[in-house]
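Notes to accompany the following structure.
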């Protein structure tokens, strides 16, 4: 495989993984994320792929910047869920009486 083809395929895999991560952040969809493996590439990136790689790097940075807000929102939702679960709970456990006996 030529170095140029290897670079193009590596960028395609990176784009697919990034799209999955963007979906995760946008929709809190954990299933959208796929495993990522480091790719060993020979030589420098071909000149005509440089802009594409820069755009991917910018998208990655935007995603990195968004993650803390998503984590905070998720944490707040979880706290709300815990509060909801505790509503209506009695201080003591419920007692049941069999009145049919």
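Is at least one residue of the stretch 34-42 surrounded by 10 or more Cβ atoms within 10 Å (Cβ to Cβ), modelled with pLDDT of 85 or more and within 21 Å of the chain's Cα centre (by Cα)?
Within the stretch 34-42 (the criterion being surrounded by 10 or more Cβ atoms within 10 Å (Cβ to Cβ), modelled with pLDDT of 85 or more and within 21 Å of the chain's Cα centre (by Cα)), the answer is no, since none of the residues qualifies.
Restricting attention to the stretch 75-84, does a residue exist that is at pLDDT 90 or above, assigned to a helix (DSSP H, G or I) and loosely packed, with under 11 Cβ neighbours inside 10 Å?
no
The values are calculated or read from the model by the stated rules, or taken from the named source; none is laboratory data. All values derive from a computational prediction rather than experimental measurement. We place every Cβ from the backbone using ideal geometry, glycine too, and count neighbours over all the protein chains shown.
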